[in-house]
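Got a structure for you, questions after.
The values are calculated or read from the model by the stated rules, or taken from the named source; none is laboratory data. A quick note: this is a predicted structure, and the numbers were derived from the prediction, not measured. Glycine also receives a Cβ, built like all others from the backbone with ideal geometry; neighbour counts cover every protein chain displayed. Surface areas here come from the heavy atoms of the whole protein model, side chains and all, with no ligands, DNA or RNA. Shrake-Rupley method; radii C 1.70, N 1.55, O 1.52, S 1.80 Å.
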2 protein chains.
Amino acid sequence: MPKGPTKRRPQTTARLLAAAQETFAERGFYGSSIEVICERAGLTRGAFYSNFRTKEELFFALFDLHAQRVVDRLSAAVDELDAAEDPVRAVLRRMSALDEAERRWYLLSTEFTLHAIRHPATARSLAEHDRRLREEIVRLLGRLFDRLGRRPTVDLDSLARLTTAVHEGSLAQSLVEPDRLAPEELAVTYLPLLVEAVSEPAATGRRTGS
Amino acid sequence: MPKGPTKRRPQTTARLLAAAQETFAERGFYGSSIEVICERAGLTRGAFYSNFRTKEELFFALFDLHAQRVVDRLSAAVDELDAAEDPVRAVLRRMSALDEAERRWYLLSTEFTLHAIRHPATARSLAEHDRRLREEIVRLLGRLFDRLGRRPTVDLDSLARLTTAVHEGSLAQSLVEPDRLAPEELAVTYLPLLVEAVSEPAATGRRTGS
DNA sequence: CGCATCGGATACGGGCCTGTATCCCATGCA
DNA sequence: TGCATGGGATACAGGCCCGTATCCGATGCG
């Protein structure tokens, strides 16, 4: 039963999120003072403390938005796989199209991960968020193997971790040397080989049907 | 022809490096003010500015020390490979023993990488340091394939990049969830498979000789 | 033995950021 | 229409850190 105006709220929150996104990308998590974020949003620090308790809270809000986008995109990519040539490559190509937004996100999430590692309470929150995202990836991997007509011989959660590791590790390298290593080049080169190596032909006679 | 005392210098530098190492590990690169580093070294900021120009310079000094240690260790591991079971695993086991020191270094170098990505001039320096280290790794990979009696079918520099990516990406995950993912677990699981996938038996009849 | 010089300590001015406490206005229901 | 309440702005006090300019003592050569 709120009496006063509660309409402007979401607007303000959205503006703060957008401003945070940009500021974080440019100056990093530590480098972004709350002050500067508010400035960019055209608001004051009062507005911030009214909507969030800490900078971390702000980050997790961004995390959820991003995870949703990633899952949607991956999911769509798998959905639209026709009897194409190489499903693994097709999905990867789809992902490497993220470019600038993904670059920004990589910078932010990695720095935040380091921050979390040094702050156990934050790490627990982060692990939970990560877990939820990985769950979705496991699901997608399952569908992918299905399409390939192969059965994985390893734990899919572990494989999801590996793909994440490769993605992030190689992204780091290509960001440091943009013209020496293309993003996803490593993934495109090695993951198809690996997918083959960790799976075996599914029982013959059965196809992809339910 | 320095007249005055120049003997205390290396001592002071060493103390600053040690203090920086610890402080960086605990509070990160951005989180470590020059002031605090000096404090821990039992020196004043005057001493710092007399020995280094910036915090970055301090970092690169640490980088070189660390790279040397890594190369030495890897090199020794490959040297001592007897006709053992699985050379890849043997080397990896050797590396995962780094534990705490490696953990510290991972935290520091990753944060610094992010910093570099946002500062092109710094990125160039970092890329150069990285390159030198990777050169050594390529050399070691060469020896490893030799021992396996296999010939790589991919560019070794690219493969070196991949192993680095996996190492760092998976380390990140295991640091966030220490009891859910053991360090190097991903590498131990997948790299041997991959090594196989990216090489073919060397010309028969020839062995490991020069 | 004295002095030139080097290495590190001290002192200074200034900037930025945080978190809270308080205030004001706009809103929308009674 | 008036008023209770919520949302955001302002003001305040304090802390940390930077980089430089200057100073002092120790050292080892001549």
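Compute the angle between helix B:185-197 and the longest alpha-carbon principal axis of chain B, please, reported from 0 to 90 degrees and rounded to the nearest 10.
50
Let me ask you something else. Round to the nearest 10 and give me the degree value, 0 to 90, for the angle of helix B:8-31's Cα axis relative to the longest principal axis of chain B.
That helix lies at roughly 70 degrees to the long axis.
Another question about this same structure. Find the Rg to Rh ratio for the protein assembly as shown, where Rh is the Kirkwood radius over alpha-carbon pairs and Rg uses the same atoms.
Over the Cα atoms of the protein assembly as shown, Rg/Rh equals 1.01.
How would B:Val166, A:Val195 line up by accessible area, probe 1.4 Å, largest first?
A:Val195, B:Val166
What FRET efficiency, computed as 1/(1 + (r/R0)^6) with R0 = 45 Å and r the Cβ-Cβ distance, is obtained for B:Arg150 and A:Gln68, rounded to the nearest 0.05?
For R0 = 45 Å, the calculated efficiency reads 0.55.
Tell me which residues come under 5 Å, amide H to amide H, from A:Leu81 once H is placed; ignore anything under 5 positions away on its chain.
Those lying under 5 Å, H to H, from A:Leu81: there are none.
Compute the angle between helix A:99-117 and the longest alpha-carbon principal axis of chain A, please, reported from 0 to 90 degrees and rounded to the nearest 10.
Tilt of helix A:99-117: around 70 degrees.
Name the most mobile residue of B:Ala121, B:Ala19, B:Ala77, meaning the one with the largest mean-square fluctuation, in a Gaussian network model of chain B with Cα contacts below 10 Å.
Among B:Ala121, B:Ala19, B:Ala77, the largest GNM mean-square fluctuation belongs to B:Ala121.
Could you pull the Rg and Dmax for segment B:116-156, using just the Cα atoms, both in Å?
14.5, 43
Sort B:Thr12, A:Thr23 by accessible area with a 1.4 Å probe, largest first.
Ranking B:Thr12, A:Thr23 by accessible area, largest first, yields B:Thr12, A:Thr23.
At q = 0.08 Å⁻¹, work out log10 I(q)/I(0) for chain A with the Debye formula, treating every Cα as an identical point scatterer and leaving solvent out; two decimals please.
-0.36
Residues with amide H under 5 Å of A:Arg151's amide H, sequence separation 5 or more or different chain, H placed in the peptide plane at 1.01 Å from N; which?
Result for A:Arg151 returns A:Glu200, A:Ala202.
Shifting gears a bit: Between A:Ala203 and A:Ala101, how high is the FRET efficiency from 1/(1 + (r/R0)^6) when r is the Cβ-Cβ distance and R₀ = 41 Å? Nearest 0.05.
The computed FRET efficiency comes out at 0.50.
Next up: List, in order, the whole-Hz ³J(HN,Hα) value for each residue of segment B:39-53 obtained from phi through the Karplus relation with A = 6.51, B = -1.76, C = 1.60 and θ = phi - 60°; use x for Gly and Pro.
Result, ordered by residue: 3, 4, 7, x, 10, 10, 4, x, 4, 4, 5, 7, 9, 9, 8 Hz.
How large is the Rg to Rh ratio of segment A:1-52 when both quantities use alpha carbon positions and Rh follows Kirkwood?
1.05
Based on Cβ point charges of +1 for Lys and Arg and -1 for Asp and Glu, what charge dipole magnitude is obtained for segment A:1-52 about its Cα centre, in debye rounded to the nearest 20?
380
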